[in-house]
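Report on the following structure.
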Amino acid sequence: MRNRRTKKEKLVAMFGGKCVVCGYKKYAGALDFHHKNPKDKSFALSVKGLSYSWDSLVQEAKKCVLVCKNCHTEIEAKITTL
């Protein structure tokens, strides 16, 4: 897979397709992979991270939970917990 958007959409679908906190699922671009344990993070699954091989992306995504950008911001601010 070459296209980053396609990779992101496929990863999102593989990992439930919606925010684990609020259930948001309208647009894959508004969903983030939040690392459950930051110490286990090899790379971010953001635009730059999507240039890694498919197998690497899947392995990294397994360390994460899928959340919408709003919930991700609240998790990082310690307003929302998982």
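The values are calculated or read from the model by the stated rules, or taken from the named source; none is laboratory data. As the structure is a prediction and not an experimental result, all values here were calculated from the model. With ideal geometry, Cβ positions are generated from the backbone for all residues, glycine too; neighbour counts draw on all protein chains shown.
Here are a few things to note about the model shown:
- Taken across segment 61-82, residues that are of a type in the set (A, V, I, L, M) and modelled with pLDDT under 95 do occur, with at least one present.
- Selection within segment 43-64 - surrounded by 15 or more Cβ atoms within 10 Å (Cβ to Cβ), touching a residue at least 40 places away in the same chain (Cβ under 8 Å) and farther than 13 Å from MET14 by Cβ: LEU50
- Taken over segment 51-82, residues that are assigned to a loop (DSSP other than H, G, I, E, B) and not aliphatic (A, V, I, L, M) amount to 7.
- Pairs with Cβ under 7 Å, 6+ apart, first in segment 18-38 and within 10 Å of LEU66 (Cα to Cα), second of a type in the set (S, T, N, Q): VAL21/THR80
- Among (1) over 25 Å from LYS78 (Cβ atoms); (2) of a type in the set (Phe, Trp, Tyr); (3) under 13 Å from the mean Cα position of the chain (by Cα) - the single one TRP54 does not satisfy: (3)
- Within the set THR6, THR81, the sole residue that is in contact with a helix residue (DSSP H, G or I) (Cβ under 8 Å, 6 or more places away or on another chain), without any contact (Cβ under 8 Å) to a residue 24 or more places away in the chain and loosely packed, with under 13 Cβ neighbours inside 10 Å turns out to be THR81.
- If only residues of segment 1-50 that are in a helix (DSSP H, G or I) and β-branched (Val, Ile, Thr) are counted, the one that is nearest to LYS63 (Cα to Cα) is VAL12.
- Conditions (1) exposed (fewer than 14 other Cβ atoms within 10 Å of the Cβ); (2) within 12 Å of the chain's Cα centre (by Cα); (3) among the hydrophobic types (A, V, I, L, M, F, W, C); number of the one not met by ALA28: (1)
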